[in-house]
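A.B. asks: Handing you a structure now.
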Amino acid sequence: MTTLVTPELLERVRERLAGEQAGPDPARLAAAIRAESAGVLGDTDLLRALRLLQTEMTGAGILEPLLHDPQVSDVLVTAPDAVWVDRGHGLRRTSVTFPDEAAVRRLAQRLALAAGRRLDDAQPWVDGRLPELEGTLGDSFGVRLHAILAPIAHGGTCVSLRVLRPAAHDLASLTAGGSIPAPAKALLERIIRARLAFLVIGGTGAGKTTLLSGLLAEVDPAERIVCVEDAAELAPPHPHVVRLVSRTANIEGAGAVTVRDLVRQALRMRPDRIVIGEVRGAEVVDLLTALNTGHDGGAGTVHANSPREVPARLEALAALGGMGRDALHSQLAAAVQVILHMHRRADGTRALREIGLVARAPDGTVTIEAAWRCDAVPTPAAAALHHLLDERLGTTA
């Protein structure tokens, strides 16, 4: 028996719904299908068309089950028949496919609209955050969206979805999972107790936020932690955490609240520790200023490939905030003591690779010296870090 649910019928229904202001609820979808089919569809075909359109026009469409997989951190679409996921062991191709390029484009544009963004030929790329989704266990998680339309994306519309599940691990679970060796765990616990300020570095998806959350779980329960984030990822199991999340401008270009705005607000909230989920711009100036005015024990994450690259990376970010190179090195040397380097192994798993100590060279510039490593490479700053910890813990004991 030939089905009456044709691609042409579905396209007419889409066009009808696109002209309506209300969302595509089941009743509205069914009414549109009946109208465009002139009432010739039977119950079976009507139900089939309804299911097809509901899958495509609600949530993330056919990508929705991938986003709800608790192991998935990224969902990437590079072509209608090329959908990839990362479950912690590198990218793997899935069996999910779109009917055609137009279906990928429609999904990208609908997700952009949900994120309060515009995506069309005049503005062919978008970067935004989708509304939070409900997880299978009643928890919620966010999704960061990036999409770029063809023909700018030469092979077809590309969609990148980063799943932002709250990082709620503690050091014990990270150690049990192999991300932190036992000797490093003991050292990290002392760094937290001594209230040393630290930055967690690494590439995209290296586990920076996960480690930061685990470290914050070790903070004394009597301390007040104020976390500032671009997206709500930090959820440390600690009794006194205040979470501030930035907000992008709406489709009219109004209402933006930047990370830098929130760092300034955090300073007025009586924090014991100020934490920036990710330092990616001029807010580095405010963070270093805060850490130099009595707010020790603060932390943040920064994209950098190695501890040695941190000073240069922060120079570039500080320049956005009007801070010169000499001032940046002076502030960094006084504000931050430790650099923690996370990396992805060849098998896709994440692990702590190095703990570096911030040192000041004779010419005033900052260098990062290895104090602990996961391999056999020499660690010339190991004694200096232990001396600093002994000094700090002895003073506060």
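A.B. asks: Using a Gaussian network for the chain with springs between C-alpha atoms less than 10 Å apart, which of these wobbles most: Ile148, Ile355, Ile339?
C.D. replies: Ile148
A.B. asks: Which of Gly356, Ile152, Ala115 sits farthest toward the positive end of the charge dipole of the chain, with +1 on the Cβ of Lys and Arg and -1 on the Cβ of Asp and Glu?
C.D. replies: Gly356
A.B. asks: Provide Met269, Met323 in ascending order of the number of other Cβ atoms located within 10 Å of each residue's Cβ, fewest first.
C.D. replies: Details: Met269 11, Met323 20.
Fewest-to-most Cβ neighbours within 10 Å comes out as Met269, Met323.
A.B. asks: Name the long-range amide H neighbours of Arg350: under 5 Å, sequence gap of 5 or more, or other chain; modelled H, no Pro or chain starts.
C.D. replies: Those qualifying (amide H under 5 Å, at least 5 residues apart or on another chain) are Arg345.
A.B. asks: Return the long-range amide H neighbours of Asp74 (sequence gap of 5 or more, or a different chain), with a cut-off of under 5 Å between placed amide H atoms.
C.D. replies: Correct list: Asp86, Val163.
A.B. asks: Which ordering of Phe141, Phe198 is given by a fewest-first count of other beta-carbon atoms within 10 Å?
C.D. replies: Phe141, Phe198
A.B. asks: Averaged over every viewing direction, what's the projected area of the C-alpha convex hull for the chain? Give it in nm², one decimal, please. Intermediate values should be presented prior to the final figure.
C.D. replies: Details: hull surface 92.7 nm².
One quarter of the hull surface, i.e. the mean projection, equals 23.2 nm².
A.B. asks: Name the residue, out of Ile33, Ile225, Ile192, whose mean-square fluctuation peaks in a Gaussian network model built on the chain with Cα pairs under 10 Å.
C.D. replies: Ile33
A.B. asks: Can you give the charge dipole size of the chain about its Cα centre, rounded to the nearest 20 debye, using +1 on the beta carbon of Lys and Arg and -1 on the beta carbon of Asp and Glu?
C.D. replies: 420 debye
A.B. asks: Same structure, new question: Determine, for Thr248, Thr204, the number of other Cβ atoms within 10 Å of each Cβ, and report the residues in order from fewest to most. Walk me through the intermediate numbers first.
C.D. replies: On the way: Thr248 16, Thr204 9.
Listing Thr248, Thr204 from fewest to most nearby Cβ atoms yields Thr204, Thr248.
A.B. asks: Could you go through region 111-120 in sequence order and give the Karplus-derived ³J(HN,Hα) for each residue, using 6.51 cos²θ - 1.76 cosθ + 1.60 with θ = phi - 60°, rounded to whole Hz, and x for Gly and Pro?
C.D. replies: 5, 4, 4, 5, 8, x, 10, 9, 9, 7
A.B. asks: Can you pull the semi-axes for region 159-207, root of five times each eigenvalue of the Cα gyration tensor, sorted largest first, whole Å?
C.D. replies: On the way: eigenvalues 118, 40, 21 Å².
Sorted largest first and rounded, they come to 24, 14, 10 Å.
A.B. asks: Something else about it: Can you tell which of Pro65, Pro80, Pro166 shows the greatest fluctuation in a Gaussian network model of the chain with Cα springs below 10 Å?
C.D. replies: Per the Cα network of the chain with a 10 Å cutoff, Pro65 tops the list.
A.B. asks: Work out how far the C-alpha atoms of region 171-396 reach from end to end along every principal axis, then list the three figures in whole Å, largest first.
C.D. replies: Taking the Cα atoms of region 171-396, the three principal extents are 55, 42, 40 Å.
A.B. asks: What shape does region 222-352 have by the C-alpha gyration tensor, where a ≥ b ≥ c are the square roots of the eigenvalues, rounded means a/c under 1.5, and otherwise prolate means a/b greater than b/c and oblate the rest?
C.D. replies: Numbers: a/c = 1.20, a/b = 1.12, b/c = 1.08.
Verdict is rounded for region 222-352.
A.B. asks: Next up: Give the Rg (one decimal place) followed by the Dmax (whole number) of region 62-164, computed from C-alpha coordinates and expressed in Å.
C.D. replies: In order Rg, Dmax, the Cα atoms of region 62-164 give 13.1, 40 Å.
A.B. asks: Express in whole angstrom the spacing between the alpha-carbon centres of region 197-259 and region 72-151.
C.D. replies: Rounded to whole Å, the Cα centres lie 23 Å apart.
Since every read-out is calculated from the coordinates, none of them should be taken as a lab result. Computed from a prediction, not measured in an experiment: that's the story for all the values here. Here Cβ is always computed from backbone atoms with ideal geometry, including for glycine, and neighbour counts include all displayed protein chains.
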